[in-house]
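Only the coordinates and a few stated rules stand behind these numbers; no lab work does. Fair warning: this is a prediction, and the values are worked out from it, not measured in the lab. Note: ideal-geometry Cβ built from the backbone for every residue, glycine included; neighbour counts use all protein chains shown.
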Amino acid sequence: MTEKPILVTGGAGFIGSNFVLDWIGQEGSSVVNLDKLTYAGNVGNLARLKNDPRHKFIKGDIGDRALVRELLNRHRPRAVVNFAAESHVDRSIHGPEDFIQTNVDGTFHLLQESRAYWEKLAGNEKTVFRFLHISTDEVYGSLGPDDAPFTESSPYAPNSPYSASKAASDHLVRAFHHTYGLPTLTSNCSNNYGPYQFPEKLIPMVIMNALNRKALPVYGDGLNVRDWLYVEDHCEALRMVLAKGKPGEVYNIGGRNERKNIDVVRAICSLLDEMHPASSMGNYASLITFIKDRPGHDRRYAIDARKIERELGWKPSESFETGIRKTVQWYLDNMNWVENVASGEYQKWLDINYTSR
Ligand code: NAD
């Protein structure tokens, strides 16, 4: 018997598209991919699957109840994996509405339809069904330099409209498990990096700007700390959560790679000096420019991933040094992809929001 498909939302975005490629490669079963194709969605990420019958792409909104219902009833997935979100903190500061619309309302509608679908299932189909919600460590707020990393029981303290909207969605997922018994799983991960990341985020933006000999903007003093997770390690963790996670549980996923932002930018510059030397123009690090800090900028995030390591046997394979080398190499090898996604709209956004001080 062929394995039932999974319904992935936001599968044309950065992590979602990596997950779809990884899932079809590793599991071999099919994916129904529902994505609204906002500025962050790019079907070009899935070009490899163009003629693969295991991938079915549908352009649409997770908040479109009739569409979600129709997809669930037609494809009868064994899981819903929800990546769809507005995901960029800076954009949430300038325009929080879309974040509430998709991350809160959209997740709520997806939960309602998933619940209605799951309640009508019977026997094994009902037992195996899972709703996996992908969330962020930012829901836990900010850590001081000596604080212990976030665990699954750290209190929620979101500080940006983005993290507040993700926190709200996490609470809805939790409530749908406790109230209705929907077999949910929630994962809260740290900053991802790797292939196909839209160049508004720190790592691809620094690579692109450096290659274009533009300023490399670093917020404030550059000492904010993030815990970096290579996206393929994250995809593997999510497969394990789906396969072995316990309904109603939360799993923190992190790379054990805490780095100051300025050190991340310097690491990229020295890799580019080695892999793509800029000859007469001097080292890339000379382009680093400190800019006015982001309002409410969280100082430090760090994930304690011991629960998923202990209970599901997952461990990240990439150190930051190996992951960032692969990432820089991917961007150097895929400049066409970068040029395609770096549209006029993106350039306008960068010019308005990352002016030097
Ligand atoms: P992304 O912005 O690259 O992709 C989001 C995708 O969702 C896009 O393809 C977009 O078109 C789609 N989308 C947006 N609104 C939609 C809607 N209403 N209906 C259907 N599709 C919609 O985001 P990402 O970096 O891939 O993040 C994926 C998930 O992981 C998000 O939920 C995010 O909160 C979470 N997360 C990301 C990171 C990270 O470092 N990137 C870290 C922690 C958690």
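Taking Cα pairs under 8 Å and at least six residues apart, what relative contact order does the stretch 113-268 come out at, in percent?
Once divided by the residue count of the stretch 113-268, the mean separation gives 27 percent.
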**OP:** Go through Lys56/Lys201; Lys4/Lys50; Lys214/Lys326 and tell me which ones have a Cα-Cα distance over 26 Å in this structure.
**Re:** Lys56/Lys201
Original post:
What angle, in degrees between 0 and 90 and rounded to the nearest 10, separates the Cα long axis of helix 107-120 from the longest principal axis of the Cα atoms of the chain?
Top reply: 30
Subject >> Förster-model FRET efficiency, 30 Å R0, Glu339 and Asn51, C-beta, rounded to 0.05 >> reply: 0.80
Subject >> Full-stretch length increase - Asn283, His94 - with 0.36 nm per residue and alpha-carbon distance subtracted >> reply: 64.7 nm
Original post:
At a Förster distance of 22 Å, what's the computed FRET efficiency of Asn73 paired with His178, Cβ-Cβ distance as r, to 0.05?
Top reply: 0.30
Original post:
Averaged over all directions, how much area does the convex hull of the C-alpha atoms of the chain cover when projected, in nm²?
Top reply: 17.3
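Sort Asp304, Asp333 so the one with the fewest other Cβ atoms within 10 Å of its own Cβ comes first. Intermediate values should be presented prior to the final figure.
Details: Asp304 18, Asp333 10.
The most exposed by this proxy come first: Asp333, Asp304.
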Original post:
When Lys and Arg each count +1 and Asp and Glu each count -1, what net charge do the other residues less than 14 Å away from Ile262, Cβ to Cβ, add up to?
Top reply: +2
Subject >> Distance from the stretch 129-169 to the stretch 51-89 (C-alpha centre basis), Å >> reply: 24
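Add +1 for every Lys or Arg and -1 for every Asp or Glu among the other residues with Cβ under 13 Å from the Cβ of Ala85, and state the total.
Details: positive: Lys36, Arg91, Lys166; negative: Asp35, Asp61, Glu86, Asp98, Asp105, Glu138, Asp170.
Overall, the nearby charge balance is -4.
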Original post:
Does the stretch 148-280 come out rounded, prolate or oblate by the C-alpha gyration tensor, with a ≥ b ≥ c the root eigenvalues, rounded set by a/c under 1.5 and, if not, prolate when a/b is larger than b/c and oblate if not?
Top reply: prolate
Subject >> Rel. contact order, % - alpha carbon contacts under 8 angstrom, at least six apart, the chain >> reply: 17
**OP:** Using Cα pairs closer than 8 Å and at least 6 residues apart in sequence, work out the relative contact order for the stretch 1-73, in percent.
**Re:** 32
**OP:** Measure off 7 Å from each Cα along the Cα-to-Cβ vector at Lys120 and Arg65, then give the distance between these two points in nanometres to one decimal.
**Re:** 1.4
